[in-house]
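Novice: Once you've had a glance at the structure underneath, I'll fire off some questions.
The values are calculated or read from the model by the stated rules, or taken from the named source; none is laboratory data. Quick caveat: nothing in here was measured; it's all calculated off a predicted structure. Note that each Cβ is placed from the backbone with ideal geometry, even for glycine, and that neighbours are counted across all protein chains shown. Remember, those area values only see protein heavy atoms, side chains included, never the ligands or the DNA or RNA. Shrake-Rupley method; radii C 1.70, N 1.55, O 1.52, S 1.80 Å.
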Amino acid sequence: MWAWPAAPKGAPRIHFGTPTWPWGFPRCGGGSEGGVPGPSPRVSVPLIHPRSTPISASRVEVGHLRPAYRRLGCGAMGGEQSLALPPEKGPHRVGCADIMVGHTQQGLFFRLFYPCVPRDGAERPLWIPRYEYCSGLADFSGHSRRWCAPLLSIAIGSCRVPLSWKAPFKPCSSGYPLIIFSHGLGAFRTVYSSICMQMASWGFVVAALEHRDSSAAMTYFCTAEAVREQWIPHQQVPQGQKEFYFRNNQVHHRANECARALQLFRDISRGNSIPNVLPQGFDLSVLKDSIDLAKAAVMGHSFGGVTAVLALVKEPGFRCAVALDAWMFPLENVLYPEVPKPVLFINTEKFQTPESVAKMKRLSSRNSQTKIITILGSVHQSQTDFAFLTGKLINRVFHARGTLDPSKCLDITSQAALAFLQRHLGMAQVELDGAWEGTRLV
């Protein structure tokens, strides 16, 4: 059995979105997600009950392992691992491509999810884009790259996302609404492919950022000189520095990146030439005249959830925000009265504390359109792709599943977000197939 040893004092354990206390309790909630059982505080907010109808899922099998690692294969580590993301629920097929703009750390890097023109035999992208990201996950967990990175590569390095890689963009004369998505602590641009592809299938263009504030597990940029890659590793809170000040600086950096991403799409819409510096990169000019910038929203998970809230303060072009299990800790109190637009908080059952929810309620008390809901039976990782990784190894390591089926959790999350965005972006309402039966919203 492969299990993480106890983390040293002050070090976070693997827990995407926010660090945990050294003994395993999430800093922003109770429960046993961090590896050690603990109290799960009851929070007085509306609870969302999943519908009973099961949702079908497509299975993407892991590819062949390199010969040198076959003796340590998936079967030896608790069963074969695969990424079983559900197919698109909306009317559009979805393509994706990576976009890198600029040759410095101040540029932007994101995965773009978009309605596409289907094509037979389209390539499906790897879920873990590069081996370096396995090294980043090892660093984030506080374990040696020497053994942890190869094991992660074996277990999940061959998983592919059921999307069309660089598929032709499907033009839209009326313009697609835009979502800028912010990842959680220790994650990166592909970890939320499930929710991003669902939103794109309903007619959104989604830009899933990979932040360069050292909060990602790993990221990089390409320098102008010989297109050399400069990697940016994850950085823990420096010894002797208070975590709030370190994380507060990061959340402002992240929110600024969200604002710069929206500005990038403005430049594209104006017809400005914006080169994608990645080799054989996706041509951004095809997006011109197909994005409605009057319908822009920001969305994120955990650290990305509070990033989305702050982005509303920094960028008036965002009309609303969706915060998935937001980690409210890094946001300074003086900014709460300045959040001008509605926020939908979609919380999981096992993460939030009364203190964190009280901060969310400060926003809902100032804006009647701000809502807080909780999905019963879900855990913090339920809103990431890790919930869809099959096999005992992944479930043991990442504590990614609650009692609620991950496909049902995704269905509730995506349809709640869709209903909220349709209302606040002035979009046509779409029938959501009874997904709200047995649910209650504020």
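Novice: Could you tell me which numbered condition residue 175 fails, if it satisfies all but one of (1) touching an Asp or Glu at 6+ places or on another chain (Cβ under 6 Å); (2) open to solvent by less than 10 Å² (accessible area, probe 1.4 Å)?
Specialist: Evaluating residue 175 over (1) touching an Asp or Glu at 6+ places or on another chain (Cβ under 6 Å); (2) open to solvent by less than 10 Å² (accessible area, probe 1.4 Å) leaves (2) as the failure.
Novice: What's the total number of residues in region 82-117 that are assigned to a strand (DSSP E or B) and basic (Lys, Arg)? Talk me through it step by step, then tell me what you get.
Specialist: Start the filter on region 82-117 by keeping residues that are assigned to a strand (DSSP E or B), which leaves 83, 94-101, 108-116.
Then drop every residue that is not basic (Lys, Arg), which leaves 111.
Result for region 82-117: 1.
Novice: List the residue pairs whose Cβ atoms are under 7 Å apart, where the first residue sits in region 142-157 and is among the basic types (Lys, Arg), the second is open to solvent by less than 20 Å² (accessible area, probe 1.4 Å), and the two are 6 or more positions apart or on different chains.
Specialist: Short answer, once both residue conditions are applied: 145/135; 145/138.
Novice: Which of the residues belonging to region 239-291 are under 30 Å from residue 168 (Cα atoms) and among the aromatic types (Phe, Trp, Tyr)?
Specialist: 265, 282
Novice: Looking at region 118-135, which of its residues are of a type in the set (A, V, I, L, M) and either in a strand (DSSP E or B) or open to solvent by 10 Å² or more (accessible area, probe 1.4 Å) (or both)? Walk me through how you get there before you give the answer.
Specialist: Our first condition is that a residue be of a type in the set (A, V, I, L, M); within region 118-135, this holds for 122, 126, 128.
Residues satisfying the conditions are 122, 126.
Novice: From the set of residues in region 268-283 that are within 19 Å of residue 212 (Cβ to Cβ) and open to solvent by less than 40 Å² (accessible area, probe 1.4 Å), which is modelled with the lowest pLDDT? Give the derivation first.
Specialist: Residues of region 268-283 that are within 19 Å of residue 212 (Cβ to Cβ), as a first pass: 274-278, 281.
Now narrow it down to the ones that are open to solvent by less than 40 Å² (accessible area, probe 1.4 Å): 274, 276-278, 281.
Values: 274: 95, 276: 95, 277: 93, 278: 92, 281: 88.
Taking the candidates together, the pick is 281.
Novice: Is there a residue being surrounded by fewer than 24 Cβ atoms within 10 Å (Cβ to Cβ) and either modelled with pLDDT of 90 or more or touching a His at 6+ places or on another chain (Cβ under 9 Å) (or both) anywhere in region 387-396?
Specialist: No: region 387-396 contains no residue that is surrounded by fewer than 24 Cβ atoms within 10 Å (Cβ to Cβ) and either modelled with pLDDT of 90 or more or touching a His at 6+ places or on another chain (Cβ under 9 Å) (or both).
Novice: With the condition kept exactly as written, say whether any residue in region 207-223 is modelled with pLDDT under 95, outside any strand (DSSP E or B) and not basic (Lys, Arg).
Specialist: The answer is yes, given that some residue of region 207-223 is modelled with pLDDT under 95, outside any strand (DSSP E or B) and not basic (Lys, Arg).
Novice: Further question: Which condition does residue 253 not pass, out of (1) at pLDDT below 95; (2) open to solvent by 40 Å² or more (accessible area, probe 1.4 Å); (3) in contact with a His (Cβ under 8 Å, 6 or more places away or on another chain), if it passes all the others?
Specialist: Evaluating residue 253 over (1) at pLDDT below 95; (2) open to solvent by 40 Å² or more (accessible area, probe 1.4 Å); (3) in contact with a His (Cβ under 8 Å, 6 or more places away or on another chain) leaves (1) as the failure.
Novice: Just wondering, is there one or more residues in region 187-194 that are under 30 Å from residue 429 (Cβ atoms) and assigned to a helix (DSSP H, G or I)?
Specialist: There is at least one residue in region 187-194 that is under 30 Å from residue 429 (Cβ atoms) and assigned to a helix (DSSP H, G or I).
Novice: Based on this model, can you work out whether residue 313 counts as touching a Phe, Trp or Tyr at 6+ places or on another chain (Cβ under 9 Å) and either modelled with pLDDT of 95 or more or open to solvent by less than 20 Å² (accessible area, probe 1.4 Å) (or both)? Step through it out loud before you land on a result.
Specialist: Values: touching a Phe, Trp or Tyr at 6+ places or on another chain (Cβ under 9 Å): no; either modelled with pLDDT of 95 or more or open to solvent by less than 20 Å² (accessible area, probe 1.4 Å) (or both): yes.
No; evaluated as a whole, the condition is false for this residue.
Novice: Also, quick follow-up: Condition test on residue 303, is it under 22 Å from residue 378 (Cβ atoms) and open to solvent by 10 Å² or more (accessible area, probe 1.4 Å)? Let's see the steps before the verdict.
Specialist: Details: under 22 Å from residue 378 (Cβ atoms): yes; open to solvent by 10 Å² or more (accessible area, probe 1.4 Å): no.
No, not satisfied.
Novice: Let me ask something additional. State whether one or more residues within region 237-249 are surrounded by 15 or more Cβ atoms within 10 Å (Cβ to Cβ), polar (S, T, N, Q) and under 16 Å from residue 98 (Cβ atoms). So that I can check it myself, show each step before the final result.
Specialist: Of all residues in region 237-249, those surrounded by 15 or more Cβ atoms within 10 Å (Cβ to Cβ) come to 237, 243, 246-248.
Among the residues that remain, those that are also polar (S, T, N, Q) are: 248.
Now restrict to residues that are under 16 Å from residue 98 (Cβ atoms): none.
Checked against the condition, which is being surrounded by 15 or more Cβ atoms within 10 Å (Cβ to Cβ), polar (S, T, N, Q) and under 16 Å from residue 98 (Cβ atoms), region 237-249 yields no hits at all.
Novice: Against the condition open to solvent by less than 50 Å² (accessible area, probe 1.4 Å), out of contact with any Pro (no Cβ under 8 Å at 6 or more places or on another chain) and of a type in the set (Asp, Glu), how does residue 332 come out, does it pass?
Specialist: Values: open to solvent by less than 50 Å² (accessible area, probe 1.4 Å): yes; out of contact with any Pro (no Cβ under 8 Å at 6 or more places or on another chain): yes; of a type in the set (Asp, Glu): yes.
It is true that residue 332 is open to solvent by less than 50 Å² (accessible area, probe 1.4 Å), out of contact with any Pro (no Cβ under 8 Å at 6 or more places or on another chain) and of a type in the set (Asp, Glu).
Novice: List pairs: first residue in region 106-134 and acidic (Asp, Glu), second residue modelled with pLDDT of 95 or more anywhere in the structure, Cβ distance under 8 angstrom, at least six positions apart or on different chains.
Specialist: 123/164; 123/165; 123/166; 132/218; 132/220; 132/231
Novice: Can you tell which of 97, 138 is over 19 Å from residue 254 (Cβ atoms), at pLDDT 95 or above and open to solvent by less than 10 Å² (accessible area, probe 1.4 Å)?
Specialist: Numbers: 138 fails: at pLDDT 95 or above.
Testing whether each residue is over 19 Å from residue 254 (Cβ atoms), at pLDDT 95 or above and open to solvent by less than 10 Å² (accessible area, probe 1.4 Å) leaves just 97.
Novice: Any idea which of 294, 308 is open to solvent by less than 10 Å² (accessible area, probe 1.4 Å), out of contact with any Asp or Glu (no Cβ under 8 Å at 6 or more places or on another chain) and small (Gly, Ala, Ser)?
Specialist: On the way: 294 fails: open to solvent by less than 10 Å² (accessible area, probe 1.4 Å).
Step by step, each of 294, 308 is checked, and only 308 is open to solvent by less than 10 Å² (accessible area, probe 1.4 Å), out of contact with any Asp or Glu (no Cβ under 8 Å at 6 or more places or on another chain) and small (Gly, Ala, Ser).
Novice: If you don't mind, there's one more thing I want to ask. Can we say residue 181 is part of a strand (DSSP E or B) and either within 25 Å of residue 329 (Cα to Cα) or among the charged types (D, E, K, R) (or both)? Can you show your working first?
Specialist: Numbers: part of a strand (DSSP E or B): yes; either within 25 Å of residue 329 (Cα to Cα) or among the charged types (D, E, K, R) (or both): yes.
Here the answer is yes, as residue 181 does meet what is asked.
Novice: Please go through region 357-374 and pick out each residue that is closer than 16 Å to residue 306 by Cβ and open to solvent by 30 Å² or more (accessible area, probe 1.4 Å). Can you show your working first?
Specialist: Going through region 357-374, the residues closer than 16 Å to residue 306 by Cβ turn out to be 357-364, 370, 372.
Scanning region 357-374 gives 358, 359, 361, 362, 364.
Novice: Okay, next question. Got at least one residue in region 141-160 being outside any loop (DSSP other than H, G, I, E, B), touching a strand residue (DSSP E or B) at 6+ places or on another chain (Cβ under 9 Å), at pLDDT 90 or above and hydroxyl-bearing (Ser, Thr, Tyr)?
Specialist: The answer is no; no qualifying residue exists.
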